[in-house]
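Asker: Have a look at this one before I ask anything.
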Amino acid sequence: MKRIYVVSLLVMLLATGCQNMRQEIEPEGLTQVAKKLVLIGFISPQDTVLAIKVNSTRPVADPNYTTNYGVVRDAKVTLTAGGRSIQLTYNGKNDYYQADPKKFPIRAGETYQLTAQTPDGLSASGVCTIPQALRLQQVRLDSSEDASRQKEYFVRYYWQDAPSVTNYYQTIGVFAYAKSCPTCKAEAGTKPRAETTPVLFESLGTVNTLLSDGARDGKMLESNRGLLNQSTTTTQTLSDKMTFVNLYDKATVKASLLHVDEAYYKYHQALELQKKSDGNPFAEPVLLPNTITGGLGCFAGYNQSTVTATFK
């Protein structure tokens, strides 16, 4: 009987402790969190349109939480740099504020301030400086094979890092190709169909487009592997004798190197980590960096250089 009494006493104590740890939260409290503006924008000298997203935070108890997404349509959004400024106008089709870069050119080395204000008194701002463009010096085609003798083709980018400062980069590309068509020459009026697909940069089997110079300051840098058209190249084995030349009648890569600022790098790095952990209930939550004063979000700059490499 003593053992039963002791166990019962422990259960009562634990229950009492849990009651003390519990805190009742009234639904009204969830709606009293201060509303803030959320600004997202990335600008560069290569922009064909200057675009800034403006949203607002909303409490979980908002009945329109899953329908309006906090889009702000009546803000005054302004870009300022070196004594010049331009006000962006709202584009209802794309839900962003825009301006013509011909009227407000983005220049390397200049610092830009973004400000947004709403009629109900909300305001937020961000600042970024545009990096210098770095020339992409080489795009090299290569291949590898796995244990089952499947072959895949990929590209690597090469460029010279700017010395004496930490630099951040992103590599992107578009693979444009026409598959080999042995019967096209014999059939009048037919030709290989042109197709395009993004270059898939990866490291250790996961998507990775972002790089920093790290311990290679001032040296020649190379990108991660940029895989080309996985659905075509990995289905061919060495025994098929299908080389890159045989696979395509035409093949080019539009290769772009983005020299990005630190805010751009950290924000997109966090986005990639979020995607990797998506759907994993045991993954630690990834917080997105915030560079906005008086609000949330990211305002950052980059400079882009692009070359087109022809492999066929």
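Each row is one residue, and each column tells you yes or no for (1) assigned to a loop (DSSP other than H, G, I, E, B); (2) within 30 Å of Thr243 (Cα to Cα); (3) open to solvent by less than 20 Å² (accessible area, probe 1.4 Å).
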{"site": "Tyr112", "(1), (2), (3)": "no, no, yes"}
{"site": "Asp120", "(1), (2), (3)": "yes, no, no"}
{"site": "Ala124", "(1), (2), (3)": "no, no, yes"}
{"site": "Tyr153", "(1), (2), (3)": "no, yes, yes"}
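Asker: Could I ask something else about it? Just one of the numbered conditions (1) touching a helix residue (DSSP H, G or I) at 6+ places or on another chain (Cβ under 9 Å); (2) exposed (fewer than 12 other Cβ atoms within 10 Å of the Cβ) is not true of Leu141; which one?
Answerer: (2)
Asker: Identify, please: which residue in the stretch 268-312 is of a type in the set (Val, Ile, Thr) and either under 24 Å from Thr57 (Cβ atoms) or open to solvent by less than 80 Å² (accessible area, probe 1.4 Å) (or both) and is, among those, modelled with the lowest pLDDT?
Answerer: Once the filter is applied, the top-ranked residue is Val286.
Yes/no matrix, rows are residues, columns are (1) at pLDDT 90 or above; (2) open to solvent by less than 10 Å² (accessible area, probe 1.4 Å); (3) closer than 26 Å to Thr206 by Cβ; (4) in a helix (DSSP H, G or I):
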position	(1), (2), (3), (4)
Gly226	yes, yes, yes, no
Ser231	no, no, yes, yes
Val245	no, no, no, yes
Ala251	yes, yes, yes, no
Leu257	yes, yes, yes, no
Ala263	yes, no, yes, yes
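Asker: Would you pick out the residues in the stretch 170-191 that are surrounded by 15 or more Cβ atoms within 10 Å (Cβ to Cβ), modelled with pLDDT under 80 and either under 19 Å from the mean Cα position of the chain (by Cα) or basic (Lys, Arg) (or both)?
Answerer: none
Asker: Next up: How many residues does the stretch 200-224 contain that are hydrophobic (A, V, I, L, M, F, W, C), modelled with pLDDT of 95 or more and open to solvent by 50 Å² or more (accessible area, probe 1.4 Å)?
Answerer: Counting residues in the stretch 200-224 that are hydrophobic (A, V, I, L, M, F, W, C), modelled with pLDDT of 95 or more and open to solvent by 50 Å² or more (accessible area, probe 1.4 Å) gives 1.
Asker: Is it the case, given these coordinates, that Ile106 is part of a loop (DSSP other than H, G, I, E, B) and modelled with pLDDT of 95 or more?
Answerer: yes
Asker: Moving to a separate point now. Within the stretch 75-107, take every residue that is in contact with a Ser or Thr (Cβ under 9 Å, 6 or more places away or on another chain) and of a type in the set (Gly, Ala, Ser) and give me the one that is surrounded by the most Cβ atoms within 10 Å (Cβ to Cβ).
Answerer: Step by step, filter the stretch 75-107, then rank; the result is Ala75.
Asker: Next question, about the same structure. For the stretch 155-169, name all the residues that are open to solvent by 20 Å² or more (accessible area, probe 1.4 Å) and not in a loop (DSSP other than H, G, I, E, B).
Answerer: Arg156, Tyr158, Gln160, Tyr168, listed by residue number.
The values are calculated or read from the model by the stated rules, or taken from the named source; none is laboratory data. Model, not experiment: these values are computed from the prediction. Neighbour counts run over all protein chains shown; Cβ positions are idealised from the backbone, glycine included. Only protein heavy atoms, including side chains, enter the accessible area calculation; ligands, DNA and RNA are left aside. Shrake-Rupley method; radii C 1.70, N 1.55, O 1.52, S 1.80 Å.
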